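The values are calculated or read from the model by the stated rules, or taken from the named source; none is laboratory data. Since the model is a prediction, treat every value here as computed from it, not as a measurement. Neighbour counts are summed over all protein chains in view; Cβ atoms, including those assigned to glycine, are modelled from backbone coordinates with ideal geometry. We work out accessible area using only protein heavy atoms, side chains counted, and drop any ligands, DNA or RNA first. Shrake-Rupley method; radii C 1.70, N 1.55, O 1.52, S 1.80 Å.
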Amino acid sequence: MSNRIWNVSLLLLAVAFLALLAGFASSVMRTRELAGRLEAPKAAGPSPLRIALISQELDNPFWRSVEEGARASAARYGMEIEYSGPLRIDAGEQTRLLAKSIAEGFDALLVQGVDDPAYAALIDKAADEGIPVVTIDADEPDSRRIAYVGTDNKRAGEEMGRLVVRTVGESGGIGVLLGSEAINQRLRLEGFRGVLERYPKLSVADVRISNISRLQAAQQAEAMLRENPGLRAIVGFSSLDGLGIAEAVQREQASSTVSVFAFDDLENTRQAIRQSRIEATIVQKPYSMGWEAVDVVRSYLAGEKPPELRLTDTAVLDKAALEAGNAEGGVSSDVGGNSDAGGNSDTGGNSDVGENSDAGENSNTDGHEDAEAGGTGR
């Protein structure tokens, strides 16, 4: 009897052991299946390269156009663009975003130079960590950035100088508005002065800062007209300056004697040109800047040595060009024709920032539109 009980006990133990073994085997198989699923993405290939694009102002139409060009270019190479920027123009916030992007370990950085030693030091830190940096729109030449992509700002100032001379002649005083003290603004003024110096009777009578605001541009232009009677022209070197100057000239009833010149390609600027309130504007190509900057990164990461300066074109947009529909080279079309060494064209066919209306500008109580919330701010 005891033997029978013993045999039954052994049988029950064997069954329990087999059940435990089967459960263990099932658990192992399930674990392997889950591990296989987790490892599956690795088999699909490496993660795409991440490029941070830090703008001067987040919803600025100029920088949104840069972003659009960068994304289109990055898509060709399977790269990803992560776009950021201050809500309002703030060099300190740009610096913070640059430091944050370095800490996050992006594969490359596209930034605007702010002409600040601390900012340049951060670019050098990125270089030390193997992160290439390309400056766009404004350079940081004393840093270890691998290249600058954008307008030749001194040459653009020279182009403006020649335009003014052709329009107003070779004598008289000229007023100038700069958006800020940024290096790109100073270079435009330098080029402009260089042309006017060839004409002894033509001079820069006054230079003021608009702080990239249409309202402040109008206020500064009014003061300029009152304090400098006999001005032949006022030139604005950031995108909302021309519109502000035109308002001031109209209020001071000086439109018959003072010519207005603008920078960049806003729809409101085009309208003012059609109405003969602005003579002409110098147009940049922000879409090209974004496109070409990504191409510089691609070539650098492929082991090539890109040119240190990759310059995008500017063009004069006046009433004749508007009436001709920009047929001669597509003044407002940011497609192709870049003057950089690479010779790449913007096949995306996107239009330049001028196709954006000034929808972002805030209306002030006195009827002026301010630039702080969305003018192109160049």
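Across the accessible surface of segment 215-257, with the other protein chains kept in place and a 1.4 Å probe, carbon and sulfur atoms take up 40 percent. Computing FRET efficiency as 1/(1 + (r/R0)^6) for R76 and D142, where r is the C-beta to C-beta distance and R0 is 30 Å, gives about 0.40. Ordering V258, N268, G236 by the projection of their Cα atoms onto the charge dipole of segment 233-282, which places +1 on the Cβ of Lys and Arg and -1 on the Cβ of Asp and Glu, puts V258 at the extreme positive end. Applying the criteria of a DSSP loop state and at most 16 other Cβ atoms within 10 Å to the chymotrypsin sites (Phe, Trp or Tyr not before Pro) of segment 73-169 yields Y77.
Sorted by average packing, counted as other Cβ atoms within 10 angstrom per residue and highest first, what order do 309-317, 280-288 take?
Top to bottom by mean Cβ count within 10 Å: 280-288, 309-317.
How much length would be gained if the chain were fully extended between A302 and R226, taking 0.36 nm per residue of separation minus their Cα-Cα distance, in nm to one decimal? Stretched out fully, the A302 to R226 stretch lengthens by 21.6 nm. Annotation: extensible slack from R251 through E129 equals 38.4 nm (criterion: 0.36 nm per residue apart, minus Cα-Cα distance).
How much of the accessible area of segment 86-140, probe 1.4 Å, is carbon plus sulfur, in whole percent? Here it works out to 52 percent. Straight-line cross-link partners of K285 among the lysines, defined as a Cα under 27 Å from its Cα and at least 8 positions apart when in the same chain: K154, K305, K319. Rounded to the nearest 20 debye, the dipole size of segment 217-269 about its Cα centre is 260 debye, using +1 on the Cβ of Lys and Arg and -1 on the Cβ of Asp and Glu.
Annotation: extensible slack from L322 through L87 equals 81.3 nm (criterion: 0.36 nm per residue apart, minus Cα-Cα distance).
Note on K125: lysines with a C-alpha under 19 Å away, same-chain residues under 8 apart excluded, are K100.
Would you work out if segment 151-224 is rounded, prolate or oblate? Take a ≥ b ≥ c from the square roots of the eigenvalues of the alpha-carbon gyration tensor; rounded if a/c is under 1.5, else prolate when a/b is larger than b/c, oblate otherwise.
oblate
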